[in-house]
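Values in this text are rule-based calculations from the coordinates and carry no lab data. In this text the structure is predicted, and so the values were computed from the model without any measurement. All Cβ positions, glycine included, derive from the backbone under ideal geometry; neighbour counts span all protein chains shown.
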Amino acid sequence: MRAAQRSAWVVIDDAHQAWTVGRALQDAGWNLSGIANGMKGARDLLRCVPHTPDVVVTGLRFQDGDGLQLVRLLGGLPAAPSIFIASHQQRAVIKAAVALAQASAVPVVGVAEQPVDAQAIAATLGRVEFKTPRRAAQPRPQELSVDEVRALMAQGAIAPWLQPKVRVDTCEVVGFEALMRAQDAEGRLITPDRLIGPLAAGGLLDQASMQMARQTIDFVGHCLSEGMAISASINISMQSLANFGFCQELVRAVDAIELDPSWITIEITESETMCDLAQVIENTARIRMLGFNLAIDDFGTAYSSFFQLSQIPFSELKIERAFVTGLGEDPARQAIVRACAQLGSSLGLQVVAEGVENASELAAVRQCGCSQVQGYLVSRPMPPQLAFDWLRQLDNVCVPLPA
């Protein structure tokens, strides 16, 4: 798209700076379709101008509000424009504004600290390839009904899809995480966000989890019988672990194929460790006593205390993907991931970085001290037979990851 076809608004509290930026954009061939000095002016533009622009150049402090309010306002539009932030605020505040924009689905195409260099802003924007404005979000598929998930279970349609975990130092596949999936009559994939609620509501969660566990245990047994030292982890709710009969059923499932339970890891989310601590310790200690390993999933997303972490017998710590995304370019996230890795290592835990999608993130988690990685860079989740075939074609079950 040529610059002459692009449109811009400028929302900066200093009128002189706003017009200086506006003129620089016009000189560069932009259509300056709006200029304002605060939130009232920005709201007037949204109300009166028929089309939102390609980009809004905005400050962060106004007399009648701030740029954070503007970001939230733009994020609520069916087609949010991109923003360029020009501010004299401290870098931590600017970084928070960028994070807010990302959380609000508002693209950030640049940042400049004031005093404003209007020509530099125009030059930067001239190099940006603007994407087609996003359309209104499609409504999310509704949860299935209890009757629908019961039918899926009767058909054996709820099954584990397996995503590999790889050792950082050797690139060897050491295990898989079993993720709940189902397929409808047309073969369309049904994800956990549509399954877990109705399964719990219908009292079917234990049954579905056990169905997943048996298939995952059989997969591990098959791998071991073929000479591949592959473990697996299964997400189990604290509600299921509180059921003594459920735990005994897990033991029967591994005993049925003469599998040492240490090949299986039970994953619980960090938020579940914040329940009744005595009950959590009882349930998790029982799982370890029965020989299974135990992982804390999505570490860093809740507020579990170090005391809780020290009291629960974990063997593995999984760092939430939100901290891994863009890790190579974010020193603050690197500090957080490094601290989590050091904490896990000092407690004798395997530390898994989730959501690794590119070579930069892989290099960053290596530097931070994570022992294993999981994510699309290695592989997307796949059905058990496909996962087994994928393993067989690897050279010594090693994935050729970037050095």
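Worth a mention:
- Full extension of the chain segment joining LEU77 with VAL111 gains 10.1 nm, where the gain is 0.36 nm per residue of separation less the Cα-Cα distance.
- Computed from the Kirkwood radius of its Cα pairs, the Stokes-Einstein diffusion coefficient for the range 37-164 at 10 °C and 1.306 mPa s stands at 91 µm²/s.
- Shape descriptor for the range 171-229: Rg over Rh equals 1.07 (Cα atoms; Rh from the Kirkwood inverse mean 1/r).
- Across all Cα pairs in the range 1-79, the calculated P(r) in 5 Å bins from zero up to the longest distance comes to 3, 17, 28, 25, 18, 8, 1, 0 percent per bin.
- DSSP-defined antiparallel bridges as percent of all bridges, the chain, nearest 5: 30
- Cα-centred dipole magnitude for the range 146-392, charges only on beta-carbon of K, R (+1) and D, E (-1), debye, nearest 20: 240
- Taking the range 146-392 and dividing mean pair separation by its residue count, relative contact order in percent (alpha carbons under 8 Å, at least six apart): 19
- For GLN63, net neighbour charge (Lys/Arg +1, Asp/Glu -1) across residues whose Cβ lies under 12 Å away: -2
- FRET efficiency for GLU282 and SER262, using Cβ-Cβ distance with R0 set to 22 Å, rounded to 0.05: 0.60
- Mean projected area in nm² (Cα convex hull; one quarter of hull surface) for the range 151-200: 4.6
- Across the range 169-299, the volume of the C-alpha convex hull divided among the residues equals 141 Å³ per residue.
- When the range 146-392 is described by a simple charge dipole with +1 on each Lys and Arg Cβ and -1 on each Asp and Glu Cβ, the residue from LEU241, VAL166, GLY203 located farthest towards its positive end is VAL166.
- Label separation (LEU386 vs GLU143): 2.8 nm, computed from points 7 Å beyond Cα along the C-beta direction.
- Share of Cα-Cα pairs in the chain lying beyond 40 Å, as whole percent: 33
- Within-13-Å neighbourhood charge of ALA103 [Cβ basis; K, R +1; D, E -1]: +2
- Relative packing of 159-168, 97-106, which averages over residues the other C-beta atoms within 10 Å, highest first: 159-168, 97-106
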